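One structure below.
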Amino acid sequence: MKAVVFVGGGTVQVEDVPQPKLRSNGDAIVKVTHTAICGSDLHLLSGHTPGMRAGSVIGHEFVGTVHDAGGGVTSHLEGARVLGSFLIACGSCAPCRTRRFNLCTERRALGLGTLTGDLDGAQAEYVRVPSADVNLKSLIGDLSELSDEEALFGGDILATGFYGASLAEMKPDETAIVIGAGPVGIFTAGALARVGKVVMLDTDARRVAAAQGLGFSAAHVVDDNAADVVTQATEGEL
């Protein structure tokens with residue numbers, strides 16, 4: 001199959017690699033229909049991802065259909081349309097049993113090297129997903145109405161932004177400042193805007209313009225003028 005492979009020295013390339021196979025009863029093999037490039041994928045190009053192994057497949061954001069599944073997989077039948085999670089949880093430790101998968105004691109990640117489990121990633125025609133009942137989400141019911149492009153956000157950047165917004169415990173009469181108008185920042189702002197006023201800041205004028213184009217209040221920060229920008233954007237409120 002074709003896959004995007006890390007070859008070392010901050011370089012990736014498309015190569016022919018063996019198609020993944022089931023290794024345990026809880027595994028599923030997903031035929032990838034859509035995948036995305038995360039900021040974490042870009043870090044490895046600049047050498048900022050320790051533990052990257054030459055020859056490993058990168059990527060961890062994907063949507064696809066179940067191609068094969070182990071006998072222990074009960075939630076996702078062959079042919080099911082699914083959304084993948086960037087985080088691979090074990091499903092059986094104490095945090096997982098209370099659905100706090102981000103605190104899994106055995107947590108791993110797809111396509112991010114030996115320090116996160118050395119799992120091949122999803123920028124490929126097929127990907128193996130361990131503990132598939134936990135780490136895949138069936139796109140059924142209302143979720144079936146989402147296109148692959150829309151659903152793709154749910155496996156990483158939308159979930160990350162939504163969780164970050166929830167930690168703020170924002171109240172309707174408050175104003176939130178979101179620093180960074182990249183993809184995660186956009187989703188964070190979108191979640192917070194359901195509650196109260198949001199102002200986005202970024203040093204990249206293009207990202208500021210993109211956020212404004214989506215209807216967000218956003219301001220361009222230059223040098224050390226962030227405090228002044230916040231004061232102006234909130235009309236002296238902050």
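The table below lists the values:
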| item | result |
| --- | --- |
| Volume per residue that the Cα convex hull of the chain spans, once the total is divided by residue count, Å³ | 146 |
| Cα-based reach from K21 at 15 Å (exclusive), listing aspartates and glutamates while leaving out same-chain residues under 8 positions away | D68, E78, D120, E125 |
| Helix-only CD estimate at 222 nm, as mean residue ellipticity for the chain, using -39500 (n - 2.57) per DSSP H run (n ≥ 4) | -6000 deg cm²/dmol |
| The stretch 136-213-the stretch 111-133 distance, computed between alpha-carbon centres (Å) | 25 |
| Net lengthening on full extension, R53/Y163 (0.36 nm per residue, minus Cα-Cα) | 36.6 nm |
| Tensor-based shape of the stretch 15-140 (alpha-carbon gyration tensor, a/c under 1.5 rounded, otherwise prolate or oblate) | oblate |
| Separation of the L42 and E145 label points, Cα + 7 Å toward Cβ, nm | 3.3 |
| In sequence order, calculated HN-Hα J values of the stretch 55-63 (Karplus, 6.51, -1.76, 1.60; Hz; x Gly/Pro) | x, 7, 7, 9, x, 8, 10, 7, 10 |
| Cβ-derived FRET efficiency at R0 30 Å, S217 paired with R97, nearest 0.05 | 0.15 |
| Among V134, V14, V63: highest mean-square fluctuation, GNM of the chain, C-alpha pairs under 10 Å | V14 |
| FRET efficiency for Q19 and E174, using Cβ-Cβ distance with R0 set to 45 Å, rounded to 0.05 | 0.35 |
| Largest to smallest principal axis extent of the C-alpha atoms in the stretch 159-233, angstrom | 30, 23, 19 |
| Relative contact order (%) - criterion: Cα under 8 Å, at least six apart; region: the chain | 17 |
| Residues whose placed amide H lies under 5 Å from that of K197, excluding near-sequence neighbours | E174, A176 |
| Under 23 Å from K197, Cα to Cα: lysines that are on another chain or at least 8 residues apart | K171 |
| Built amide H within the under 5 Å cut-off of E125, gap 5+ | K2 |
| Efficiency of FRET from Cβ geometry, T114 and Q232, R₀ 41 Å, rounded to 0.05 | 0.30 |
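Here, each number is a calculation from the coordinates, and none is a lab measurement. All of these numbers come straight from a predicted model, not from anything done at the bench. Note that each Cβ is placed from the backbone with ideal geometry, even for glycine, and that neighbours are counted across all protein chains shown.
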